[in-house]
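What follows is a short report on a single structure.
Values quoted throughout were computed directly from the atomic coordinates according to the rules given, and no laboratory measurement underlies them. Small disclaimer: the values here were computed from a predicted structure and weren't measured. Positions of Cβ are backbone-derived with ideal geometry, glycine not excepted, and every protein chain shown enters the neighbour counts.
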């Protein structure tokens, strides 16, 4: 165990649990995407009218955010390997704050697009560095548990953000959504400054300029098992995003479910993932994380098979379709945290670069999956099923073929395999 400068107790490889306040702070740093998107999307019609623009350009503000988010992770993670964690984490929060304020003040759609890039970049920096902090302070089974807890906390954000956004838009307006996100950025900065210790000792940092800093990205991409676990994580997300993008069309247009029952069902699937992520955290230690990933991948594939029967065959009960969706979402609880921990443990000496690659891999998978899966709309679910099948197959193949024994560059002090 070590005691950082701030007095917050964190754990070494075999130490006691990481302080709850640190876990909560890290969860806050990684919660930017759901709050920055789910709070804002209900305001699209008002933004379109207020800025005298088109729906497609307003939609571009989402794309701009995720482009900035990806770039921020690629810059922030390696930068933190070079300079330490605290400064990049605080800077990321400040950039996110400034971007959100720029959005609130934007006089035109193009200023809004540019400010969304800035907001996304700040969120990306903070997210990548926060995940690197967890790798610095935990190892082995404890790291997998923390990843699962963070996944559970992260799963609450998409459930809370739309409600908060709808209330703010109803009572005030769309600009106040971004003022709320400005406040979130300020909270990110304050909590990072108060509660996050400098977890990367000077002797573990990498000197040099930008090229040396970014070389960590190339280094982690040469570690076969890290790439394998990152692909498992990314293509599991690829499968899940097909549900998020197209479930409304399938359940409402094709199966006749009403808006309120659909909203309740959607929330229940998210809640199932949150609860099972906590269950996964409790099971680690009794079962190895690798075995839990295998269970998750098998369960997800079974869910895709059930969904295929429920959607593509006529006269099948609605419950079979719902069961398929629920199974897919729930299974992710056993994949994300475990795969993220096992991958990160292969390259702890460049944890920032590893966090950046993992984050960008997931973002790219989500960006590709959503439009492909929803291309059938309410007419056909074949594209969605195809996306899910592809994601499941690639996840399983990556797990079986690429995540074998260490290549000699990794020596874990915890139980990981």
ask   = Can you give the relative contact order of the range 221-402 as a percent, counting alpha carbon pairs under 8 Å and 6+ residues apart?
value = 46 percent
key: As computed over the range 233-315, the Cα convex hull volume per residue (Å³)   = 99 Å³
task = Using only the Cα atoms of the range 221-402, construct the convex hull and provide its projected area averaged over every direction, in square nanometres to one decimal.
result = 10.0 nm²
request  = For the chain, with a Gaussian network of springs between Cα atoms less than 10 Å apart, report the residue from 391, 120, 258 with the top mean-square fluctuation.
outcome  = 258
inquiry  = Just to be sure I understand: with springs between alpha-carbon atoms less than 10 Å apart, which residue in 257, 292, 188 has the highest mean-square fluctuation in the Gaussian network model of the chain?
reply    = 257
ask   = How long is the gain from residue 170 to residue 318 if the chain were fully straight, where each residue apart is worth 0.36 nm and the alpha carbon distance is subtracted?
value = 49.9 nm
inquiry  = If each DSSP helix of 4+ residues adds -39,500 (n - 2.57) and the sum is divided by the residues in the chain, what number results at 222 nm, nearest 500 deg cm²/dmol?
reply    = -25500 deg cm²/dmol
remark   = With Cα springs under 10 Å, the Gaussian network model of the chain assigns the largest mean-square fluctuation among 44, 35, 238 to 44
query = From the Cα gyration tensor of the range 91-163, with a ≥ b ≥ c the square roots of its eigenvalues, which class applies: rounded if a/c is under 1.5, or else prolate if a/b is larger than b/c, or else oblate?
reply = oblate
key: Modelled label reach - residue 110, point 7 Å along Cα→Cβ, the range 36-58 residues with backbone N closer than 20 Å   = 47-58
inquiry  = Need one word for the range 148-194: rounded, prolate or oblate. Basis is the Cα gyration tensor (sqrt eigenvalues a ≥ b ≥ c); a/c below 1.5 gives rounded, then a/b vs b/c decides.
reply    = oblate
ask   = In units of 2.2 N^0.38 Å, what is the alpha-carbon radius of gyration of the chain?
value = 0.96
task = For residue 190 paired with residue 20, estimate the spin-label separation in nm (one decimal), with each label point 7 Å from Cα along the Cα-to-Cβ line.
result = 2.0 nm
request  = List 164, 169 from most exposed to least, where exposure is judged by having the fewest other Cβ atoms within 10 Å.
outcome  = 164, 169
message = What whole-number volume per residue, in cubic angstrom, does the convex hull of the C-alpha atoms of the range 120-254 give?
response = 179 Å³
request  = Largest first and to the nearest Å, give the Cα extent of the range 20-205 along each principal axis.
outcome  = 54, 29, 25
message = Using the Kirkwood formula on the Cα atoms of the range 17-69, what hydrodynamic radius do you get, in angstrom to one decimal?
response = 13.0 Å
key: Mean separation of Cα contacts under 8 Å (6+ apart) over length of the range 20-205, as relative contact order %   = 38 percent
